[in-house]
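The values are calculated or read from the model by the stated rules, or taken from the named source; none is laboratory data. Computed from a prediction, not measured in an experiment: that's the story for all the values here. Positions of Cβ are backbone-derived with ideal geometry, glycine not excepted, and every protein chain shown enters the neighbour counts.
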Amino acid sequence: MGAVFALFAGFYYWTPKIIGKTTNELLGNIHFWTLFLGVKILAPILAQYKKMLNNILFNTRKSCSNISKKKIYCKKDNYSVNFIYYFLGQFKLYKFLFKLFTLTKNYLNAQLVEVKNSENEITEIQKASQRLNTKDIQWLVGFTDGDGCFSMYKEKKYLNNWRHEYTIGLDIKDIKLLYKIKNLLGCGIIRKYNNVVFFRIKKIKHLIHVIIPIFDKYPLLTENKRLIYLNFRNTLLNKALNSKRNITNEEIIFIKKLLNNKPDNIYKISIENLFINIDYNYFDNWLVGFTEAEGSFYFIKTNITNNIYQIPLRAEFRLSQSNNFYLLNKIKERLKLTRKVSLQTNSSNHYYILATSIITVQNIINFYTNSNIVKLKGIKYLKFILWLKGIKNIIRYKNIKIPKNYGGDSS
């Protein structure tokens, strides 16, 4: 049986690489445990049946003496009776195990229902949300402005009800970043679809007690996301308050409090007015998250030469966004870039900012290596480190200062 397990292991490992599609993890787990339990439990029982059946057939052949008119007259023996008693004994054992399994399952379900309806669950969720790291949460808001989604949709089984969902979708190479977000929030699920991986929060309680308080306190800054979130928030809270499901009094009070304390002071005003009194500690951490989603650190080839050396590569930083000229201009000012916000070629609403000179590249390095703000967390962090190492090897940037903890020679 060891060879069979090895064959299945090879099948599950190599099939996704060959056909380019991942197997279903749930079905794989069911297959493994069914095979494992079958080998360890059912196989010995079947072997015992086979042995007893062989004994019965062998002794029955010896006891058969008269054959006539296509009828077999056998001597009486106890093998058939023993086989029946053995089978009945095994049946009683399985019946007992089945009852035990059913009782255990019902007990666990009862415990889950009890926990689900417990008022302490809401308190624990609120305590967990209060323990969230402020810088990481501000980073998450910026990342959501870039790659997050607040969606409302209808499913066939919910024709008369809207479903709410908070989602982040990334390339499968950045799957570890989604697990970091899941550990940060303490809830949600992660699913893979071919080369794309999604983090989702669907449960109403998690959306109300974890997601809503975050984005009520720390505002989204892109125009489109601000409007979508406000609609998402209000419809979700009204739906939860008017739903027919059993909710505790504490939960009702919390929902009403959120409805009464509308974040109109940060969502109903224009982005220009918001930036008048914005907390720049928040804006810095938000910007790191936004860069994680929308920023790029890269090199381009050049033909620039001077009397001393040729400069084959130039380091650049780029960040782009649609319909957010004012926001990009504020980011440009914060990063101390000299070039103006530019309009993407052949586009009427897609703007970008760019750092190309030695001074602005140094300003970019100074900002993203600042120990007072959060660091990049996913693949973008690796790209940033490689970008810094590349800069160190280009003579043009010999005077660039990179902190030691990022691989630089200066402090």
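Couple of notes before you dig in:
- In the range 191-203, the residues that are free of Cβ contacts under 8 Å to residues at least 40 places away in the same chain and assigned to a strand (DSSP E or B) form Cβ pairs under 6 Å with partners that are surrounded by fewer than 15 Cβ atoms within 10 Å (Cβ to Cβ) and among the charged types (D, E, K, R), at six or more places apart or across chains, as follows: 198/191.
- Going through (1) in contact with a Pro (Cβ under 7 Å, 6 or more places away or on another chain); (2) under 26 Å from residue 176 (Cβ atoms) one by one, residue 302 falls short only on (2).
- Exactly one residue out of 366, 393, 324, 370 is at pLDDT below 90 and surrounded by fewer than 18 Cβ atoms within 10 Å (Cβ to Cβ): that is 393.
- Residue match in the range 233-245 (condition: modelled with pLDDT under 90 and either in the same structural domain as residue 324 (by TED's automatic domain parsing) or at positive phi (or both)): no
- In the range 270-288, the residues that are surrounded by 14 or more Cβ atoms within 10 Å (Cβ to Cβ) and either assigned to a loop (DSSP other than H, G, I, E, B) or among the β-branched types (Val, Ile, Thr) (or both): 271, 275, 278, 288
- Exactly one residue among 225, 239 is closer than 17 Å to residue 151 by Cβ, in a helix (DSSP H, G or I) and touching an Asp or Glu at 6+ places or on another chain (Cβ under 6 Å), and that residue is 225.
- Count - residues of the range 381-411 that are under 22 Å from residue 290 (Cβ atoms) and in contact with a strand residue (DSSP E or B) (Cβ under 7 Å, 6 or more places away or on another chain): 3
- Some residue of the range 251-258 being of a type outside the set (A, V, I, L, M, F, W, C), in contact (Cβ under 8 Å) with a residue 40 or more places away in the chain, under 27 Å from residue 321 (Cα atoms) and touching a helix residue (DSSP H, G or I) at 6+ places or on another chain (Cβ under 9 Å): no
- Residue among 201, 189 that is surrounded by 14 or more Cβ atoms within 10 Å (Cβ to Cβ), among the β-branched types (Val, Ile, Thr) and closer than 27 Å to residue 230 by Cβ: 201
- Test: residue in the range 290-301 that is charged (D, E, K, R), surrounded by fewer than 14 Cβ atoms within 10 Å (Cβ to Cβ) and in the same structural domain as residue 349 (by TED's automatic domain parsing): yes
- Odd one out for residue 373 among (1) over 27 Å from residue 401 (Cβ atoms); (2) part of a loop (DSSP other than H, G, I, E, B): (1)
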